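Working notes, structure below.
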Amino acid sequence: MHNYDPASFHTAIEGKLKRKHRTTLEEATDKEIYYSIASIIQDLVMPKWFETNQEIQQNKSKQVYYISMEFLIGRLIESNLQNCGLLDICNQTLLDLGRRPERIYEQEHDAALGNGGLGRLAACFLDSIASLGYAGHGSGIRYRYGLFEQRIIHGNQVELPDYWLKEEYPWETRKPDEAVEIRFGGTVHEHKRRDGSLEISYENTDSVMAVPYDVPVLGYHNEVVNTLRLWSAELSPAENKGLSASDQQYYHHLDHIHSIEQISGFLYPDDSTFEGKELRLKQQYFLVSATIKNIIANFRRNHDLPLSMMPEYTVIQINDTHPSLAVPELMRILMDEEGYGWEKAWQITTNLLAYTNHTTLSEALEKWPVSMIQNLLPRLYMIIHEINERFCEQIYTTHPELRDKIHELAIISYEQIHMAHLAIVGSFSVNGVAKIHTEILKNKEMKNFYTLYPKKFNNKTNGITHRRWLQQVNPCLASKITDVIGPRWVHEPHKLMNLLRYTNDAPFLETMKDCKQHSKHLLAKYVYEQQGVKLNTDSIFDVQIKRLHEYKRQLMNVFHIIYLYNELKDNPNMDITPRTFIFAAKAAPSYHLAKEVIKLIHHVASVVNNDPDIKDKLKVVFLENYNVSLAEKIIPAAEVSEQISTASKEASGTGNMKMMMNGAITCGTLDGANIEIRDFVGDDNIFIFGLTAEQVLDYYAHGGYDAKSIYHADVRVKRVLDQLNGGVFGSQEIEFKDLFYNIMYHNDPFFVLKDFGPYVETHEMIDRAYRDQNHWQRMAATNIAHSGKFSSDRTIMEYVSDIWKL
Ligand code: 73E
């Protein structure tokens with residue numbers, strides 16, 4: 001994509017600094033250099049971006065639109081440099097200039113337009129779609145505030161707004177000419193035409209403009225530039241009344257502008273409980289309506305064909321139910337604006353849409369109150385109602401055996417709209433995100449739908465982009481891999497399998513270890529700079545980084561640490577392999593128990609880290625403000641990857657894949673993609689423990705288990721819980737009674753005590769295994785070798801061949 005060498009790149013930066021910042025290489029700030037580099041990349045990208053679009057138009061190839069409320073893209077500077085082949089040149093140029101590349105790259109604000117796994121998956125998918133050369137676009141919201149910034153004050157999480165657009169974002173291009181109008185509220189009028197058909201019109205609606213901002217998505221070394229289109233809510237020109245400041249209405253008008261801009265104001269920070277907030281519904285409709293209008297406009301620009309032909313050239317993947325209003329919105333446009341009848345419109349709609357389910361947690365399932373949809377989207381409500389009537393009717397006539405299940409399957413029941421049901425009925429494909437998750441969908445959560453539509457259901461195990469999560473974040477390991485198996489794994493990640501030939505190669509295992517030590521040192525340096533804590537880089541780096549949730553069981557990890565602390569206090573000369581427990585996690589702001597766990601980690605850390613008896617044997621650190629950039633620092637240094645969710649609860653997980661790809665050994669339950677990781681690496685290269693999903697579901701079906709009996713039977717457990725309840729961690733005012741009560745009197749809904757014993761024993765095995773470094777590195781190499789199957793390139797190829805048919 002470029003003709004730069006270090007000398008000409010140097011000159012290019014110099015030129016940008018002079019023309020755009022009126023400064024010199026010597027005087028420029030890191031930020032000015034960052035902007036100059038971004039601008040050089042943009043100059044290279046623009047013509048390729050244009051050409052990619054031209055090619056799509058000319059080839060008339062089929063396109064996929066990935067609609068998602070979240071795109072957790074993180075920083076783009078390094079991956080953009082890498083994908084256009086400039087990373088090495090840029091690093092060298094910066095070093096020659098006496099600048100530290102990482103200091104320059106961290107000038108970019110980490111774009112946190114997502115909560116966690118679901119949003120990061122969308123970002124990995126965009127990278128793979130472009131790198132594999134497919135025509136695929138992301139469509140999301142340009143939230144003015146991303147996921148909150150986390151600060152820890154006296155062990156408590158405090159949320160600060162993430163105003164990420166404070167400074168210019170160099171990757172976006174505003175496209176005001178492609179803005180579309182979105183309408184909310186109002187009343188619907190039906191007029192019968194002479195021919196008996198209905199004409200629908202709306203009155204007194206509120207209008208909002210959706211203005212697109214495009215971010216380029218660069219393929220790896222292939223000249224492809226796809227688009228991530230992020231929509232921003234603005235005042236519609238039609239509503240911009242010329243009022244003077246003295247006018248009473250002026251203030252109403254300002255309020256009105258504010259309420260419109262609120263639609264793309266902030267990202268909802270909860271990824272595990274559904275909160276039926278009207279503003280969130282507005283966001284969803286805003287995204288869906290803007291995207292579909294855009295898709296139709298693109299289709300018209302590229303083809304001289306009726307919209308009924310759209311499914312041949314277009315497919316729309318909806319990321320969970322958040323964009324599931326796409327079903328009624330497509331129906332509305334096709335019928336009310338394009339004049340199709342119900343049957344034809346339904347055929348087109350259901351041939352366009354494919355739905356991915358990401359969770360079976362009942363608290364997370366979206367159910368909107370009928371009244372809210374009726375008020376905000378009256379016409380869509382009429383359509384949803386009709387879809388529901390027809391659907392129930394169809395079950396009644398074609399599936400008599402399901403007649404007594406109709407109320408469970410219905411889209412509308414008890415004055416609520418079940419978005420998952422709407423999404424399943426309205427799309428041609430329904431996929432889960434790991435094998436076990438899809439099986440649970442088919443055989444349990446969506447069983448009756450599976451009976452109705454067996455062919456719709458399919459599995460697409462998640463993946464991660466190995467370009468970012470290995471090549472970019474761990475250049476040391478990546479280059480050592482290339483040294484032994486050659487560079488082809490970068491294009492064909494399954495070729496990492498060739499590493500299996502080196503699992504007994506002592507020099508290779510040694511270099512792998514050197515890379516791990518290097519990464520551990522870098523992380524230790526960061527931790528020291530951040531919080532003044534010195535890490536023992538010869539200790540095991542045991543990492544749990546993910547959103548904080550009860551089902552992910554960070555609490556069980558903390559209980560294990562308290563247990564080890566007790567053991568060491570009882571027997572200070574106990575022979576244990578030193579450990580550093582590393583946590584990073586954001587809790588949803590309203591999630592009390594999750595915040596208590598964060599506080600507990602901090603109090604345990606302060607006791608353990610300051611106890612002279614413990615010396616260098618145990619250390620606990622919590623790194624604040626977990627985000628993509630922090631993950632990039634931690635993951636290369638991880639040796640044990642904690643994936644300890646209550647079996648059946650974690651649909652897939654993707655952090656498990658990232659850490660395995662960097663040579664960490666998973667300590668995990670048989671949940672989500674852990675199962676597939678085990679199937680690939682084999683029992684000898686992973687530490688599995690705990691209840692199976694079947695056992696967990698069986699307990700739930702019989703009202704849970706008896707947590708108190710474990711408390712009374714297991715002295716280790718009793719001691720830990722009594723310490724928790726008795727104020728041992730934290731002063732008198734800081735108590736963790738709510739955590740204690742939740743286990744003892746709410747019967748430990750996530751089986752922390754039940755799995756505790758096996759978890760402790762598994763960690764004892766890890767402790768011993770680590771002492772044989774040769775063996776440990778062999779396990780690490782085996783994990784890396786198999787991680788190619790978890791590249792999102794593989795996932796995307798499966799979507800392409802089974803669902804998208806691009
Ligand atoms: O297991 C993860 C999965 O790896 C799952 O919990 C997560 O999606 C990941 C990617 O497939 C997920 N996020 C959400 N639901 N499941 C969610 C729900 C509401 C808002 C935002 C995200």
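Worth a mention:
- Scoring N115 on the criteria (1) surrounded by fewer than 18 Cβ atoms within 10 Å (Cβ to Cβ); (2) under 18 Å from the mean Cα position of the chain (by Cα) leaves a single failure, condition (1).
- Checked against the criterion of being part of a helix (DSSP H, G or I) and either within 16 Å of the ligand (Cβ to nearest atom) or not assigned by TED's automatic domain parsing to the domain that holds H322 (or both), the stretch 386-396 contains not a single residue that satisfies it.
- In the set (1) among the basic types (K, R); (2) under 29 Å from R794 (Cβ atoms); (3) modelled with pLDDT of 95 or more, K60 fails one condition alone, (3).
- Residue check, E159 in contact with a Phe, Trp or Tyr (Cβ under 7 Å, 6 or more places away or on another chain), in the same structural domain as T314 (by TED's automatic domain parsing) and surrounded by fewer than 19 Cβ atoms within 10 Å (Cβ to Cβ): yes
- Looking across the stretch 627-662, the residues that are part of a loop (DSSP other than H, G, I, E, B) and either among the charged types (D, E, K, R) or in contact with a Lys or Arg (Cβ under 6 Å, 6 or more places away or on another chain) (or both) come down to E639, I644, S645, K649, E650.
- Of all residues in the stretch 269-291, those that are touching a helix residue (DSSP H, G or I) at 6+ places or on another chain (Cβ under 7 Å), more than 14 Å from the ligand (Cβ to nearest atom) and of a type in the set (A, V, I, L, M, F, W, C) total 3.
- Scanning the stretch 40-86 for residues that are small (G, A, S) and crowded, with 17+ Cβ neighbours inside 10 Å gives S68, G74, S79.
- Subset of the stretch 156-172 (residues that are under 24 Å from the mean Cα position of the chain (by Cα) and part of a strand (DSSP E or B)): Q157, V158, E159, L160, P161, D162
- Segments classed as strands (runs of 3 or more DSSP E), wholly inside the stretch 196-279, with at least 3 members that are surrounded by 14 or more Cβ atoms within 10 Å (Cβ to Cβ): 206-218, 225-235
- Residue list for the stretch 675-705, restricted to those being in contact with an Asp or Glu (Cβ under 9 Å, 6 or more places away or on another chain) and more than 30 Å from F790 (Cα to Cα): G704, Y705
- Within the stretch 296-320, residues that are closer than 30 Å to S362 by Cβ sit with their Cβ atoms under 6 Å from residues that are in a helix (DSSP H, G or I), at 6+ positions apart or across chains, in these pairs: V315/W804; I316/L352; I318/A326; N319/A122.
- Among the criteria (1) in the same structural domain as K480 (by TED's automatic domain parsing); (2) touching a residue at least 60 places away in the same chain (Cβ under 8 Å), the one L697 does not fulfil is (1).
- Test: residue in the stretch 672-682 that is within 16 Å of the ligand (Cβ to nearest atom) and acidic (D, E): yes
- Screening V315 on (1) buried (at least 17 other Cβ atoms within 10 Å of the Cβ); (2) within 16 Å of the ligand (Cβ to nearest atom); (3) not in a helix (DSSP H, G or I) shows it passes everything except condition (2).
- Residue within the stretch 602-615 that is closer than 25 Å to Q773 by Cα and in the same structural domain as I635 (by TED's automatic domain parsing) present: yes
- Tally, over the stretch 554-596, of residues that are part of a loop (DSSP other than H, G, I, E, B) and out of contact with any Ser or Thr (no Cβ under 6 Å at 6 or more places or on another chain): 14
- Hits in the stretch 755-790 (condition: charged (D, E, K, R) and crowded, with 22+ Cβ neighbours inside 10 Å): D755
- Considering (1) assigned to a strand (DSSP E or B); (2) surrounded by fewer than 17 Cβ atoms within 10 Å (Cβ to Cβ), the lone condition that E14 does not fulfil carries the number (1).
- Helices (runs of 4 or more DSSP H) completely within the stretch 424-502 that count 3 or more residues being away from the ligand (no atom under 16 Å from the Cβ), modelled with pLDDT of 95 or more and of a type outside the set (G, A, S): 447-452, 475-485
- The stretch 324-376: number of residues that are in a helix (DSSP H, G or I), β-branched (V, I, T) and more than 19 Å from F286 (Cα to Cα): 2
The values are calculated or read from the model by the stated rules, or taken from the named source; none is laboratory data. All values derive from a computational prediction rather than experimental measurement. Every residue, glycine among them, receives a Cβ derived from its backbone with ideal geometry; neighbour counts consider all protein chains shown.
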